[in-house]
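Below is one structure, written out as structure tokens, with a few remarks after it.
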Amino acid sequence: MLSGREVLVSDIKRAEELHGHLGPFLVIGVRMGEIAGRFLNVEGGNSGMRVMVRVPLVTPFSCILDGIQAVTRCTVGNRRLKIRNSDGPIMAVFKLKGCDKTLRVLVRPQLIEVLRKRLMDGDPNEELAWEVASMPEETLFELSFSLKRKKE
Ligand SMILES: [Zn+2]
């Protein structure tokens with residue numbers, strides 16, 4: 001069994017390979033995908049997973065999308081990833097087909113601000129990426145669940 005940290009490192013490597021470089025927002029996407037796998041009980045990707053991501057469609061923010069795609073295997077091509085351009089909060093809503101559980105992962109706005117400033121100040125992308133990899137989940141995200149009841 002791999003430890004959580006080993007899984008994270010290997011997920012980050014896979015995302016980097018897909019994306020072409022390593023940065024903090026890519027790692028945020030990787031961690032969002034891992035959380036979704038854990039809470040929806042489908043680690044390693046599941047063909048029933050769907051995700052809708054709200055994110056500004058400019059780099060570095062949009063790098064999040066490739067982190068999510070690499071881990072969940074919900075992609076633009078297989079139509080299981082929907083993207084909405086957003087000027088506001090960055091969030092992803094994950095669902096499983098045939099299941100009423102929904103998980104919403106919101107990236108804490110303070111974190112985005114800090115990362116944006118540090119990138120502008122010239123802090124190296126890779127260094128920030130590994131910092132994000134080590135941050136506790138609650139520093140990065142606010143999670144909420146809903147269980148939609150089927151209308152009878
Ligand atoms: Zn990037």
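Annotations
- When Leu22 is tested against (1) crowded, with 16+ Cβ neighbours inside 10 Å; (2) within 16 Å of the ligand (Cβ to nearest atom); (3) assigned to a helix (DSSP H, G or I), just one condition goes unmet, and that condition is (3).
- Qualifying residue in the range 25-43 (condition: farther than 24 Å from Met120 by Cα, in contact with a helix residue (DSSP H, G or I) (Cβ under 7 Å, 6 or more places away or on another chain) and charged (D, E, K, R)): yes
- Check on Leu106, surrounded by 13 or more Cβ atoms within 10 Å (Cβ to Cβ), within 10 Å of the chain's Cα centre (by Cα), within 25 Å of Gly4 (Cα to Cα) and within 16 Å of the ligand (Cβ to nearest atom): no
- Annotation for the range 6-14: at least one member residue is within 16 Å of the ligand (Cβ to nearest atom) and of a type outside the set (Lys, Arg).
- Among (1) aliphatic (A, V, I, L, M); (2) over 21 Å from His19 (Cβ atoms); (3) more than 15 Å from the chain's Cα centre (by Cα); (4) not in a helix (DSSP H, G or I) - the single one Val58 does not satisfy: (2)
- All positions within the range 73-130 that are in a helix (DSSP H, G or I) and among the small types (Gly, Ala, Ser): Ala129
Quick grid of which residues meet (1) buried (at least 16 other Cβ atoms within 10 Å of the Cβ); (2) within 21 Å of Ser10 (Cα to Cα); (3) not charged (D, E, K, R):
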| position | (1), (2), (3) |
| --- | --- |
| Ala36 | yes, yes, yes |
| Arg50 | yes, no, no |
| Arg84 | no, no, no |
| Phe145 | no, no, yes |
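- Looking across the range 1-18, the residues that are part of a helix (DSSP H, G or I) and surrounded by fewer than 19 Cβ atoms within 10 Å (Cβ to Cβ) come down to Gly4, Arg5, Glu6, Val7, Leu8, Val9, Ser10, Lys13, Arg14, Glu17, Leu18.
- Of everything listed in (1) touching a residue at least 60 places away in the same chain (Cβ under 8 Å); (2) exposed (fewer than 14 other Cβ atoms within 10 Å of the Cβ), the single unmet condition for Gly88 is (1).
Values in this text are rule-based calculations from the coordinates and carry no lab data. What you are looking at is a predicted structure, and each value in this text was computed from that prediction instead of being measured. Note: ideal-geometry Cβ built from the backbone for every residue, glycine included; neighbour counts use all protein chains shown.
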